[in-house]
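Notes follow once the structure below has been shown.
The values are calculated or read from the model by the stated rules, or taken from the named source; none is laboratory data. On a predicted model such as this, the values are computed, not experimentally measured, just so you know. Here Cβ is always computed from backbone atoms with ideal geometry, including for glycine, and neighbour counts include all displayed protein chains. Accessible surface is based on the protein model in full, side chains and every heavy atom, while ligands, DNA and RNA are left aside. Shrake-Rupley method; radii C 1.70, N 1.55, O 1.52, S 1.80 Å.
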Amino acid sequence: MAKNTLTLIDNRVDKTYEIEIESATIRAKDLRQIKVTEDEFGMMSYDPSFENTASCKSGITFIDGDKGILRYRGYPIEQLAESSNQLEVSKLLIDGELPNEKEFRKWQLDIQSNNAVPEPIKDIIQAFPKNAHPMGTLISLVAALSTFYPEAKNITNDKENYLNICRLIAQVPILAAHFYRHSQNLTLIPPDNSLSYAENLLNMMFDGDEKKLHPNIVDAMDKLLILHADHEQNCSASVMRNVGSSEPDPYSSVSAAASALYGPLHGGANEAVLEMLGDIQTADDIRSFLDKVQNKEVKLMGFGHRVYKAYDPRAKCIKKAADSVFAITGTNPLLDIALQLESIALSEEYFIARNLYPNVDFYSGLIYQSMGIPTEMFTVLFAIGRTAGWLAQWKELLSDDEQKIARPRQIYTGYGSRNYIDVSKR
Ligand code: SDX
């Protein structure tokens, strides 16, 4: 029977090593035995930006990038987007199973009863310039929450962790909505526990505006929150795990994860897509824009993905949700540009050869814009959905006996030892 091992021959010293294979993977630490002389540190693997490195074992989200498959705890994203809701999906991601009615009601009550944002936080919100970027304020406010819940540092206490998970899921959308109202010179709208999670978010932003809280809009927002909830070891989830591994409170880890999400290569792409579409005024501009992309002068934002080498299944779901929103708001004028851009890009060798397809961010901004949400809030909405995923990853990290503080190694390329030179002699 074939052995589940890798045989490596170090030709430098003609030595052979047998390394165990588990899940088609080898443990990088098994390379450390490979040395020329005994006093060496031993061999490492070099993987800038971790393109081929598994940092953990996880049962939360499964992605098949070649087939465009995404499942949360085994459930296809298409079924969850169609039949579930954000609160139920957050429970699924964090605890591993779909809750029954009684479990869901308790989860909902535990979150609703922890939605009282500390009063001084509202003063901090008022202190922000009204034109501050909402992601900068969200990152700051979530970190500030940690100062009001000092006991959250007790991350070995499951009850404490559950309480802070509930507070974060409850309060992140409130912080976001409160800053939005502040930025618009409007009074803050308190959470309303008679509303669903998505409806409550929209109500805190738009204060009962009938059109903005139309059932189609609420349903689309709920779907968007589900579609953004988790995506295995993406950049921000990796940050959540890295920061979480040094064992601060979860507010500090979520704030760090949100900082990673802010970047235009990650969650900030939805905002960048709208700016890109806005710059492409007419169909004729599409050609010259795509030429600039192929000359590597600009990126086609909302396209491409480290894992998906097929159409992002979330983009398909979002395109479907868009129709129900546009039925209420009227079609977004940028939609035609987006559809033409997609159609041309998907037919051109540059994009085909690089497996560049629309990702989750390509269409989401068009829906948000049609909902009357300012472009700068788009990534904040991504963060609201992704908070559940970050917390699920954090909780799984804490219960993984193989995990300890993250501390990668390096290949040193700097100077050898050299003596200090007085400034007069430099
Ligand atoms: C998210 O990881 C996740 O799961 C993230 C996410 C999640 O849910 O958490 O899915 C959310 O972040 C989605 C991605 C949003 N970002 C964007 O839309 C920004 C535009 N996309 C690119 O920046 C890029 O596609 C990335 C960052 C998403 C992925 O980059 P990779 O995997 O590092 O790919 P790469 O840069 O090595 O690109 C391979 C080739 C290069 O060309 P060559 O050097 O081979 O000639 O493809 C080109 C790249 O130049 N390329 C693009 C492109 N993306 C890749 N060219 C033009 N436009 C693009 N968008």
Task: Which listed residue, of 240, 221, 276, 301, is more than 30 Å from residue 349 (Cα to Cα) and out of contact with any Ser or Thr (no Cβ under 9 Å at 6 or more places or on another chain) - done: 221
Open item on the list: So residue 91 ticks every box in (1) of a type in the set (D, E, K, R); (2) open to solvent by 50 Å² or more (accessible area, probe 1.4 Å); (3) under 30 Å from residue 322 (Cα atoms) but one. Which box is left unticked?
Closed with: (2)
TODO: Scan segment 148-194 residue by residue and report those that are open to solvent by 60 Å² or more (accessible area, probe 1.4 Å), within 23 Å of residue 92 (Cβ to Cβ) and touching a residue at least 12 places away in the same chain (Cβ under 8 Å).
DONE: 162, 193
Open item on the list: Among the residues that make up segment 382-400, is at least one of them of a type in the set (S, T, N, Q), in contact (Cβ under 8 Å) with a residue 24 or more places away in the chain, more than 16 Å from the ligand (Cβ to nearest atom) and buried (at least 17 other Cβ atoms within 10 Å of the Cβ)?
Closed with: no
- [ ] Would you kindly identify the helices (runs of 4 or more DSSP H) lying entirely within segment 247-324 that contain at least 3 residues that are within 15 Å of the chain's Cα centre (by Cα) and within 13 Å of the ligand (Cβ to nearest atom)?
- [x] 250-262, 269-279
TODO: Determine whether segment 43-58 contains at least one residue that is exposed (fewer than 13 other Cβ atoms within 10 Å of the Cβ), farther than 22 Å from residue 389 by Cα, over 18 Å from the mean Cα position of the chain (by Cα) and in contact (Cβ under 8 Å) with a residue 40 or more places away in the chain.
DONE: yes
- [ ] Would you be able to say whether some residue in segment 228-239 is outside any loop (DSSP other than H, G, I, E, B), within 16 Å of the ligand (Cβ to nearest atom), in contact with a helix residue (DSSP H, G or I) (Cβ under 9 Å, 6 or more places away or on another chain) and open to solvent by 50 Å² or more (accessible area, probe 1.4 Å)?
- [x] yes
Task: Positions within segment 240-264 being open to solvent by 10 Å² or more (accessible area, probe 1.4 Å) and of a type in the set (A, V, I, L, M), in sequence order - done: 243, 256, 260
TODO: State the number of residues belonging to segment 110-140 that are open to solvent by 70 Å² or more (accessible area, probe 1.4 Å) and part of a helix (DSSP H, G or I).
DONE: 4
- [ ] Would you check if residue 143 is open to solvent by less than 10 Å² (accessible area, probe 1.4 Å) and either in contact with a Leu (Cβ under 7 Å, 6 or more places away or on another chain) or of a type in the set (Gly, Ala, Ser) (or both)?
- [x] no
TODO: For segment 336-377, enumerate the residues that are over 14 Å from residue 315 (Cβ atoms), within 15 Å of the ligand (Cβ to nearest atom) and without any contact (Cβ under 8 Å) to a residue 40 or more places away in the chain.
DONE: 349, 352, 353
Open item on the list: Any residue at all in segment 57-70 that's farther than 30 Å from residue 383 by Cα and either at pLDDT below 95 or out of contact with any strand residue (DSSP E or B) (no Cβ under 9 Å at 6 or more places or on another chain) (or both)?
Closed with: no
Open item on the list: Among the residues of segment 195-205, what is the count of those that are open to solvent by 10 Å² or more (accessible area, probe 1.4 Å) and assigned to a helix (DSSP H, G or I)?
Closed with: 4
Task: Verdict on residue 414 being surrounded by fewer than 24 Cβ atoms within 10 Å (Cβ to Cβ), touching a Lys or Arg at 6+ places or on another chain (Cβ under 7 Å) and of a type in the set (Gly, Ala, Ser) - done: no
Task: Meets criteria (open to solvent by less than 70 Å² (accessible area, probe 1.4 Å), at pLDDT 95 or above and within 29 Å of residue 234 (Cα to Cα)) for residue 34 - done: no
- [ ] Scan the strands (runs of 3 or more DSSP E) fully inside segment 1-107 and keep the ones with 2 or more residues being hydrophobic (A, V, I, L, M, F, W, C).
- [x] 5-10, 61-64, 69-72
